[in-house]
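First comes the structure, then the notes that go with it.
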Amino acid sequence: MLRIGVLVSGSGTNLQSIINACKSGELNAKVVIVVSDNKDAYALRRAEHAGIPTSVVMKEDFRSRLDFDMEVVRILRESRVNLVALAGFMRIVTPEFIRSFPGRIMNIHPALLPSFPGLNVRQKAIDHGVRFSGCTVHFVDEGVDTGPIIIQAAVPVYPDDTEEVLRDRILRLEHRIYPKAIELFEQGRLRIEGRKVFIKGMKKQEDGYLVNPPLDS
Ligand code: GAR
């Protein structure tokens, strides 16, 4: 069974979707440890409620980003994780962290990468006037939100959207694509080649498209 370590900073709705998928049997996996850099993160309560061990690692207790990351690596190794899932973890990890779990760290980002990397990306998408945004699960490399893309979901964006409305529209899809990305990983169906992720047995949607506004409007 795949042993997942989840890193969080906030409310943990993505963590919850992964826990639920493990519990329902949809995922042949188990969340074995939840690590937070924020002691007040509601994600910690979710983990405790699910009986999952938690660990809080605070940046002020470490002299450098590297020392912080090496403590997180130590905790993840102690829990013998095979996959590290960043789920609303609001820190950039060091190259040393990434090299500790090669090809085994995923992140979810609330935009269609490579558009809108970084922070406050939903408001940036609205302000830019894009017709679509969405979410991306990708492997983590040494850049910020630049790693090979596993799965994306697109949602429409409307000029009068508030950040909150768009956040919720995107989150509903985040909760579906993160467990799916983990399932593909667990099934050994993902192969990284350069920037691309090939998925064994993937269905193609040759005629699939999305248009916003719809062509008949
Ligand atoms: C999610 O929308 C996730 O995509 C985003 O933070 C939110 C966490 O929500 N991640 C980032 O912005 C990473 N740069 P959650 O704590 O409810 O899962």
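The values are calculated or read from the model by the stated rules, or taken from the named source; none is laboratory data. In this text, all values refer to a predicted model and were calculated from it rather than measured experimentally. Cβ atoms come from the backbone with ideal geometry, glycine included; neighbour counts cover every protein chain shown.
Checking the structure you have, find out if any residue of region 8-23 is of a type outside the set (K, R) and away from the ligand (no atom under 16 Å from the Cβ). Step through it out loud before you land on a result.
Just the residues of region 8-23 that are of a type outside the set (K, R), to begin with: 8-22.
Those still in the list that are away from the ligand (no atom under 16 Å from the Cβ) too: none.
No, because not a single residue in region 8-23 is of a type outside the set (K, R) and away from the ligand (no atom under 16 Å from the Cβ).
Checking V32 against (1) of a type in the set (V, I, T); (2) farther than 17 Å from E186 by Cβ; (3) surrounded by 18 or more Cβ atoms within 10 Å (Cβ to Cβ); (4) more than 14 Å from the ligand (Cβ to nearest atom), which test does it fail?
Unmet for V32, out of (1) of a type in the set (V, I, T); (2) farther than 17 Å from E186 by Cβ; (3) surrounded by 18 or more Cβ atoms within 10 Å (Cβ to Cβ); (4) more than 14 Å from the ligand (Cβ to nearest atom): (2).
Residues that are buried (at least 17 other Cβ atoms within 10 Å of the Cβ) and of a type outside the set (K, R): find the strands (runs of 3 or more DSSP E) completely inside region 125-212 holding 3 or more of those. Spell out how you get there, then give the answer.
Details: elements: 132-139, 149-156, 190-193, 196-199.
Where strands (runs of 3 or more DSSP E) fall fully within region 125-212 and carry at least 3 residues being buried (at least 17 other Cβ atoms within 10 Å of the Cβ) and of a type outside the set (K, R), they are 132-139, 149-156.
If I go through region 134-190 residue by residue, how many of them are hydrophobic (A, V, I, L, M, F, W, C) and under 21 Å from P102 (Cβ atoms)? Step through it out loud before you land on a result.
Going residue by residue through region 134-190, those that are hydrophobic (A, V, I, L, M, F, W, C) are 135, 137, 139-140, 144, 149-151, 153-155, 157, 165-166, 170-171, 173, 177, 181-182, 184-185, 190.
So of that shortlist, the ones also under 21 Å from P102 (Cβ atoms) come out as 137, 139-140, 144, 149-151, 181-182, 184-185, 190.
Of the residues in region 134-190, 12 are hydrophobic (A, V, I, L, M, F, W, C) and under 21 Å from P102 (Cβ atoms).
Just to check your reading of the model, which residue among L83, L119 is surrounded by fewer than 15 Cβ atoms within 10 Å (Cβ to Cβ) and either within 11 Å of the ligand (Cβ to nearest atom) or touching a residue at least 40 places away in the same chain (Cβ under 8 Å) (or both)?
On the way: L83 fails: surrounded by fewer than 15 Cβ atoms within 10 Å (Cβ to Cβ).
None of the others qualify; the one that does is L119.
List the pairs whose first member sits in region 183-210 and is under 19 Å from A153 (Cβ atoms) and at pLDDT 95 or above, whose second member is among the small types (G, A, S) and exposed (fewer than 10 other Cβ atoms within 10 Å of the Cβ), and whose Cβ atoms are under 8 Å apart, counting only residues at least 6 apart or on separate chains?
R189/G201
Go through (1) within 29 Å of N82 (Cα to Cα); (2) at pLDDT below 95 one by one and return the number of the condition S217 breaks.
Going through the list (1) within 29 Å of N82 (Cα to Cα); (2) at pLDDT below 95, S217 breaks only (1).
Residues of region 105-116 being surrounded by 17 or more Cβ atoms within 10 Å (Cβ to Cβ), at negative phi and either near the ligand (Cβ under 8 Å from one of its atoms) or free of Cβ contacts under 8 Å to residues at least 24 places away in the same chain (or both), which ones? Give the steps one after another, and end with the answer.
Looking only at region 105-116, we keep the residues that are surrounded by 17 or more Cβ atoms within 10 Å (Cβ to Cβ), and these are 105-113, 116.
Add one more test, that the residue is at negative phi, and what stays is 105-113.
Scanning region 105-116 gives N107, I108, H109, P110.
Which one is nearest to T136 (Cα to Cα) among residues in region 95-104 that are more than 16 Å from the ligand (Cβ to nearest atom) and touching a residue at least 24 places away in the same chain (Cβ under 8 Å)? Walk me through it before giving the result.
Quick first cut of region 95-104, residues more than 16 Å from the ligand (Cβ to nearest atom) only: 95-96, 99-104.
Add one more test, that the residue is touching a residue at least 24 places away in the same chain (Cβ under 8 Å), and what stays is 95-96, 100-101, 103.
Values: P95: 21, E96: 24, S100: 23, F101: 20, G103: 17 Å.
Result: G103.
Starting from region 54-75, take each residue that is in contact (Cβ under 8 Å) with a residue 60 or more places away in the chain and list its partners that are of a type in the set (D, E, K, R), counting only C-beta distances under 7 angstrom and pairs at least six apart or across chains.
none
Among the residues of region 155-166, is any farther than 30 Å from D127 by Cβ and away from the ligand (no atom under 16 Å from the Cβ)? Break it down into steps so the answer makes sense when it comes.
The initial filter retains those residues of region 155-166 that are farther than 30 Å from D127 by Cβ, namely none.
No, that holds for no residue.
Of the residues that make up region 123-143, is at least one hydrophobic (A, V, I, L, M, F, W, C), touching a Gly at 6+ places or on another chain (Cβ under 7 Å) and within 14 Å of the ligand (Cβ to nearest atom)?
Going residue by residue through region 123-143, those that are hydrophobic (A, V, I, L, M, F, W, C) are 125-126, 130, 132, 135, 137, 139-140.
Those still in the list that are touching a Gly at 6+ places or on another chain (Cβ under 7 Å) too: 139-140.
So of that shortlist, the ones also within 14 Å of the ligand (Cβ to nearest atom) come out as 140.
Yes, that holds for at least one residue.
What tally of residues in region 3-29 results from selecting those that are part of a strand (DSSP E or B) and either surrounded by fewer than 16 Cβ atoms within 10 Å (Cβ to Cβ) or acidic (D, E) (or both)?
Result for region 3-29: 1.
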